[in-house]
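The values are calculated or read from the model by the stated rules, or taken from the named source; none is laboratory data. These figures come from a predicted structure and were not determined experimentally. Cβ atoms come from the backbone with ideal geometry, glycine included; neighbour counts cover every protein chain shown. Areas reflect the complete protein model, heavy atoms only, side chains present, ligands, DNA and RNA absent. Shrake-Rupley method; radii C 1.70, N 1.55, O 1.52, S 1.80 Å.
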Amino acid sequence: MKPDFVLHGGAGHWGDRQEKGQKAIEEIAEKVEKGIESKSALEIVEEAVRLLESNKEFNSGRGAKLQADGEIRLDASIMKSDLEAGSVIG
């Protein structure tokens, strides 16, 4: 069975950026899909995240909404199937 993946470019109202965002997701998906059968799930996720974070259409890794106290904090985590995990908070 061929591995598969899902990309999520973010929620909210895209307005006139909808077409650019869709094109960017498609380009990222094509890059991730190349060699997918020879990579681990962790490598696939890491590559997808790196590509989302480096694309100007998305605010992955650098943008966030203000929290109730007026501060911006970002969190990230990743977990493998053996429950080994890593994260950064705030």
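Structure values in brief
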| item | result |
| --- | --- |
| Single residue of Leu52, Leu42, Leu7 found to be touching a strand residue (DSSP E or B) at 6+ places or on another chain (Cβ under 9 Å) and in contact (Cβ under 8 Å) with a residue 24 or more places away in the chain | Leu42 |
| Meets criteria (assigned to a loop (DSSP other than H, G, I, E, B), among the hydrophobic types (A, V, I, L, M, F, W, C) and open to solvent by 100 Å² or more (accessible area, probe 1.4 Å)) for Leu7 | no |
| Tally, over the stretch 47-58, of residues that are in contact with a helix residue (DSSP H, G or I) (Cβ under 9 Å, 6 or more places away or on another chain) and open to solvent by 80 Å² or more (accessible area, probe 1.4 Å) | 1 |
| Residue among Ile44, Ile78 that alone is in a strand (DSSP E or B), of a type in the set (A, V, I, L, M, F, W, C) and either modelled with pLDDT of 85 or more or surrounded by 13 or more Cβ atoms within 10 Å (Cβ to Cβ) (or both) | Ile78 |
| Per-region count, the stretch 27-41, residues assigned to a helix (DSSP H, G or I) and either open to solvent by 100 Å² or more (accessible area, probe 1.4 Å) or not β-branched (Val, Ile, Thr) (or both) | 8 |
| Pick from the stretch 10-26, criterion assigned to a helix (DSSP H, G or I) and in contact (Cβ under 8 Å) with a residue 24 or more places away in the chain, ranking: most open to solvent (accessible area, probe 1.4 Å) | Lys20 |
